[in-house]
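Below you'll find the structure, written out as structure tokens, and then a few comments.
The values are calculated or read from the model by the stated rules, or taken from the named source; none is laboratory data. Since this is a predicted model, take the numbers as computed values, not measurements. For neighbour counting, all protein chains shown are included, and Cβ atoms are generated from backbone atoms with ideal geometry for every residue, glycine included. What goes into the accessible areas is simple: the full protein's heavy atoms, side chains included, and nothing from ligands, DNA or RNA. Shrake-Rupley method; radii C 1.70, N 1.55, O 1.52, S 1.80 Å.
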Amino acid sequence: MLELSARAKSISPSPTLSIDTKTKALKASGVDIVNLSVGEPDFPTPDRAALAGVAAIANHFTRYTDVSGILELRQAIADKLLTENGLSYSPSEIIVSSGAKHSLYNIFMVILNPGDEVLLPAPYWVSYPEQIRLAGGVVVPMPTDESTHFKITPAQLEAAMTDKTKAILINSPSNPTGSVYTPEELQALAKVIEAHDIFVVSDEIYEQLIYGVHHYSIAKYSDKLKDRTFLVNGFSKTYAMTGWRVGYVAGPAPYVKAMSSFQSHTTANPASISQKAALGALGTFDPKHREEFQARRDYVLNELLELNGVTCTKPEGAFYLFPNVKAVLGKTLRKNNGETAILTTVDLLCEELLTEMHVSTVPGTGFGAPDNFRISYATSMDQLQKAMDRMKDFFGRIE
Ligand code: PMP
Ligand code: GLU
């Protein structure tokens, strides 16, 4: 076999998606599995969006569109950014892509030269470091832990800057930790960033999934900062539209234009039908979903805190919990068949949780956090109760 490229060899599959695929296959084979792995709302796509998609097909809106997305959708996104986020953008400063993951990749491809450094607060979402590296960039992780609720400090940021720093990534609310920066914390970071000539990639895809706190975009800090910020958002989380694949970036026009040129040679426009569905979705977020997520978070968190050797901070956003299991790593699990297993790593712990208890979660390793694992609580309360009963049993057998 001819050799794969060095690029292909350096890439590992997305752990969140591969664990989800494995879990779904087990489920299809009849295993009674609880899937807490993938970050995907369990609510249906809003009717208005689904019907707009159906109408797009019925009306034969099925051809190529503007590479950056139809003007109507970009205008509607601009209106949303103004009314909901207090940020003024023109449609020429917005590009719609096939999911926010695609949007992020476009950004890294147009701003990074080989060797450029990107400051990445850790724990981080699994695809950021892979995408940065694919674009030739160098990942500079900024470690955080429970002591600061997984948030970086202005001093830490200042200390991480070098003459190769090209961008910083901010993801608030965060996947996987659920942390949300307060406006004051973001303003303090913005002040440091403003003093350096670097870009900000602000991934705000979980902006609506916040519990008792407010979402603030760092782009609001000043016009100077807004001119260097890529605001990333999408329809997957707010509108339960993961499969439709629609995400977008709002940012400075020359860079958005470069992203459009790049996109014109890779995927061209996002699916025409999905664009119409996205247009139908805007403004239909149901606050009841937020209440439901909050109730689930509270339930799972309380149950987790009862488990032997588990600690967990209280996340204020997204739909993840990120428990710390450092205290049980290296300990022995008594298995159902009478054998024992030493839980040397969190990967092994999650593997045993899956095979012994049929509860699927994601180890923190891919998120840059080898003492933690991620639970997505975007599933029904029944499923969560089942999962927590099983976890109680599991952690009770570790000694
Ligand atoms: N950013 C974050 C933080 C995410 O968790 C995800 C996962 N869905 C994405 C971006 C990408 O979402 P999508 O491509 O479905 O729009
Ligand atoms: N972002 C979600 C997650 O972290 C969906 C899967 C993915 O794209 O990584 O689970």
- Query: If you line up the long axis of helix 183-194 against the longest principal axis of the chain, both from Cα atoms, how many degrees apart are they, to the nearest 10?
  - Reply: 60
- From the backbone phi of region 26-36, what are the Karplus-calculated ³J(HN,Hα) couplings (6.51 cos²θ - 1.76 cosθ + 1.60, θ = phi - 60°) in whole Hz, Gly and Pro given as x? 4, 4, 4, 7, x, 6, 7, 9, 9, 9, 10
- Query: If we sort 211-219, 320-328 on the protection proxy, mean other Cβ atoms within 10 Å, highest first, what's the order?
  - Reply: 320-328, 211-219
- Local net charge near THR144, Cβ-Cβ under 13 Å (Lys/Arg +1, Asp/Glu -1): -3
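Go through region 49-111 and name the trypsin sites (Lys or Arg not before Pro) that are in a DSSP coil and have 13 or fewer other Cβ atoms within 10 Å of their Cβ. Please list the in-between numbers first.
On the way: sites: ARG63, ARG74, LYS80, LYS101; in loops: ARG63.
Here the sparse-neighbourhood loop sites are ARG63.
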- Task: Hey, can you find the accessible area per residue of the chain for me, probe 1.4 Å, expressed in square angstrom?
- Result: 42
- Structure shown: which of LYS24/LYS326; LYS27/LYS386; LYS191/LYS226; LYS27/LYS237 lie over 20 Å apart, alpha-carbon to alpha-carbon? LYS24/LYS326; LYS27/LYS237
- Message: Using a 1.4 angstrom probe on the protein heavy atoms only, could you order SER127, SER92 from most to least accessible area?
- Response: SER92, SER127
- Helix 47-58 versus the longest principal axis of the chain: what angle, 0 to 90°, nearest 10, using Cα atoms? 60
- Ranked highest first by average number of other Cβ atoms within 10 Å, how do 282-295, 37-50 line up? 37-50, 282-295
- Task: Please sort 178-184, 8-14 by packing, taking for each peptide the average over its residues of neighbouring beta carbons within 10 angstrom, highest first.
- Result: 178-184, 8-14
- Task: First compute the accessible area of the chain with a 1.4 Å probe, then give the percent of it belonging to carbon and sulfur atoms.
- Result: 54
- DSSP beta bridges in the chain, what fraction antiparallel, as a percent rounded to 5? 50
- If every Lys and Arg gets +1 and every Asp and Glu gets -1 at its Cβ, then about the Cα centre the chain yields a dipole, in debye to the nearest 20, of 700
- Mean residue ellipticity at 222 nm from the helices of the chain, using -39,500 (n - 2.57) per DSSP H segment of n ≥ 4 over the full residue count, to the nearest 500 deg cm²/dmol? -12500 deg cm²/dmol
- Name the aspartates and glutamates eligible as straight-distance cross-link partners of LYS335: C-alpha to C-alpha under 17 Å, and not fewer than 8 places from it in the same chain. ASP347, GLU351, GLU352, GLU356, ASP389, ASP393, GLU399
- Query: Between the helical axis of 272-281 and the dominant principal axis of the chain, each derived from Cα atoms, what acute angle in degrees is found, rounded to the nearest 10?
  - Reply: 80
